[in-house]
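The values are calculated or read from the model by the stated rules, or taken from the named source; none is laboratory data. What you see is a predicted model, and the numbers here were worked out from it, not measured in a lab. With ideal geometry, Cβ positions are generated from the backbone for all residues, glycine too; neighbour counts draw on all protein chains shown. When the accessible area is computed, the model is the full protein with side chains, heavy atoms only, and any ligands, DNA or RNA have been set aside. Shrake-Rupley method; radii C 1.70, N 1.55, O 1.52, S 1.80 Å.
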Amino acid sequence: MPLKVTYLRENSANWDRSRFRKHLDAAPNSPALAEIAHRRNALRSLAPHPLHQSYQAPNRSPARVTPDLLAISPAYGAVLFNLARSIEARLILEDGAGFGISSMYLAAAARQAGGGMLLSFEISDYATHAQASVNLVDPGSQVIRGSFAGFAAHLSGAAQVDFAFIDSMHDKDSMLRSFRSLIGWMAPQSIIVVDDLSYSDSAREGFRCMMRMGHHDFVAIVNNRFGVLIRG
């Protein structure tokens, strides 16, 4: 079934509905896809992990999560891969690796661009599993156990980020902190994707705030879940 798209801004000289639709609907072309599918199945053998305390609801018993619960689906993984490939993204940042399935799609896209890399951040202890996932498709990419707020310490002063995926805390304030920290680092032609807009009203309002800042020329929402902001 085709992915539903809501177009919110169409002021780009390089992107229009036709180009965007083309990349959404394309079959991803990467030898890493089989490895990602195999890794997805392998992670199912892991016992549930404690959810990081920053995600825990107050006054509730500690929650536990499985790789399947956190892993992005093949359809959404294809969207990430295709959009990153559409601009030959070489430097990709990710806020929230989980167990590394989304990271694998992004690392595969960076590697296919020729010498690119993913730099992903995960505050939970399953960052170790995420790095093991990424190693299967691109050993040069990294998953760092720590807050996305510290990503600048891992970049050179001249670095330009081509693609960023925000998939961590799904509330307005957290999302906007990640977004604002990225703006000065993004390349003139670049893409930011924000996950889980369907999670809450707060997440949706956070994305609307990003759009209203006016940094991006083409803005769309995919399946009421992915918010996509394109510059250039």
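List of remarks:
- Filter result (closer than 25 Å to Arg21 by Cβ and small (Gly, Ala, Ser)) within the range 72-105: Ser73, Ala75, Gly77, Ala78, Ala84, Ser86, Ala89, Ser102
- Candidate set from the range 177-195 (those that are open to solvent by 10 Å² or more (accessible area, probe 1.4 Å) and in a helix (DSSP H, G or I)); member that is nearest to Asn11 (Cα to Cα): Ile183
- When the range 39-51 is limited to residues that are without any contact (Cβ under 8 Å) to a residue 12 or more places away in the chain and within 16 Å of Val137 (Cα to Cα), the one that is surrounded by the most Cβ atoms within 10 Å (Cβ to Cβ) turns out to be Ala42.
- When the criteria are applied in full, Arg64 meets the requirement of being open to solvent by 10 Å² or more (accessible area, probe 1.4 Å) and within 25 Å of Ser45 (Cα to Cα).
- Every residue from the range 1-38 that is over 18 Å from the mean Cα position of the chain (by Cα), aliphatic (A, V, I, L, M), in a loop (DSSP other than H, G, I, E, B) and surrounded by 12 or more Cβ atoms within 10 Å (Cβ to Cβ): Ala26
- Ala153 free of Cβ contacts under 8 Å to residues at least 12 places away in the same chain and of a type in the set (Gly, Ala, Ser): yes
- Scan of the range 171-195 for residues that are of a type in the set (D, E, K, R) and touching a helix residue (DSSP H, G or I) at 6+ places or on another chain (Cβ under 6 Å), ordered by number: Asp171, Lys172
- Ala220 open to solvent by less than 50 Å² (accessible area, probe 1.4 Å) and at pLDDT below 95: no
- Lone qualifier among Ser141, Ser103 - being polar (S, T, N, Q), within 14 Å of the chain's Cα centre (by Cα) and open to solvent by less than 20 Å² (accessible area, probe 1.4 Å): Ser103
- Within the range 114-125, the set of residues being over 12 Å from Phe163 (Cα atoms) and assigned to a loop (DSSP other than H, G, I, E, B) comprises Gly114, Gly115, Ile123, Ser124, Asp125.
- Considering (1) open to solvent by less than 10 Å² (accessible area, probe 1.4 Å); (2) within 20 Å of Phe226 (Cα to Cα); (3) at pLDDT below 95, the lone condition that Asp171 does not fulfil carries the number (1).
- The residue list Ser198, Ser156 contains one member that is out of contact with any His (no Cβ under 6 Å at 6 or more places or on another chain), surrounded by fewer than 20 Cβ atoms within 10 Å (Cβ to Cβ), within 26 Å of Leu43 (Cβ to Cβ) and modelled with pLDDT under 95, which is Ser198.
- Positions within the range 1-59 being aliphatic (A, V, I, L, M) and modelled with pLDDT under 90, in sequence order: Met1, Leu46, Ala47, Leu51, Ala57
- Criterion violated by Ser124 - all others in (1) at pLDDT 95 or above; (2) open to solvent by less than 40 Å² (accessible area, probe 1.4 Å) satisfied: (1)
- Pairs meeting the criteria (first residue in the range 159-171 and under 17 Å from Ala71 (Cα atoms), second residue open to solvent by 20 Å² or more (accessible area, probe 1.4 Å) and of a type in the set (D, E, K, R), beta carbons under 6 Å, at least 6 apart or on different chains) are His170/Asp196.
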